[in-house]
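First comes the structure, then the notes that go with it.
Taken together, the values in this text are just the output of simple stated rules run on the coordinates, not laboratory data. Source: prediction; values computed, not measured. Note that we place each Cβ from the backbone using ideal geometry, even for glycine, and neighbour counts take in every protein chain shown.
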C-alpha cells in the first residue's frame, strides 16, 4: 500500500516535493489556498485541494490522521505555517515536517509540534559548498541524506519506487 503524504503549500518547493513523491509511488494529498497552484498540480498527484490548512475542521474533512506524514511547505506565511503545524498535531498527525526560512522560525515550528525542520536555503548552500570544495556531488549528498533519514526512522519515503540506485554508496571519507 502506498504511503499517504500530505503536502501543504504548493509553491516551488511544495510542488516539486509533491511531484517527486507521486513519481515515487506515494499517494499525495496536495493542499494550497491558491487555486492556481491546485490547477498546476492536479494531474500529477492523487488529490489536489484548495483548502485553508490552518483550520482544523478543514483538515479533519480530508482525513489527515490517515497520512503517514505531513509536510508544511509554506514559506511566505509564517503564521499560517505555525497554525498548520499546530492543527496537524491536534488532529493526531505524528510526523509533521515543516519548512523554515530561519533557524528561529525552525525553533518556533518545533515548539508548535513539528517533528522535523527543513531549512532549504541553508541546507542547499552547505551541500553546494561541499560539492564545490571537492566533496560529494549534490546527487550523492541527497542520496546520503535520504538514507540517513530512513535509518533514523524519519519516515521519508525511499528515492524512487525501489529505493536508491544500487551500487551508489558514499564516497570514502564522506560524513567525517
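A single member of 108, 97, 120 is over 21 Å from residue 3 (Cα atoms) and under 14 Å from the mean Cα position of the chain (by Cα), and it is 120. Taking region 79-94 on its own, how many of its residues are over 16 Å from the mean Cα position of the chain (by Cα) and over 14 Å from residue 9 (Cα atoms)? Here the count works out to 5.
Could you pull out every one of the helices (runs of 4 or more DSSP H) wholly within region 1-69 that has 1 or more residues that are within 11 Å of the chain's Cα centre (by Cα)? Break it down into steps so the answer makes sense when it comes.
Working: elements: 12-23, 35-41, 56-60.
Output list reads 12-23.
The set of residues in region 75-103 that are free of Cβ contacts under 8 Å to residues at least 40 places away in the same chain and part of a loop (DSSP other than H, G, I, E, B) comprises 77, 91, 92, 94, 100, 101, 102. Looking only at region 104-123, residues that are part of a helix (DSSP H, G or I), surrounded by fewer than 18 Cβ atoms within 10 Å (Cβ to Cβ) and touching a strand residue (DSSP E or B) at 6+ places or on another chain (Cβ under 9 Å) come to 3 in all.
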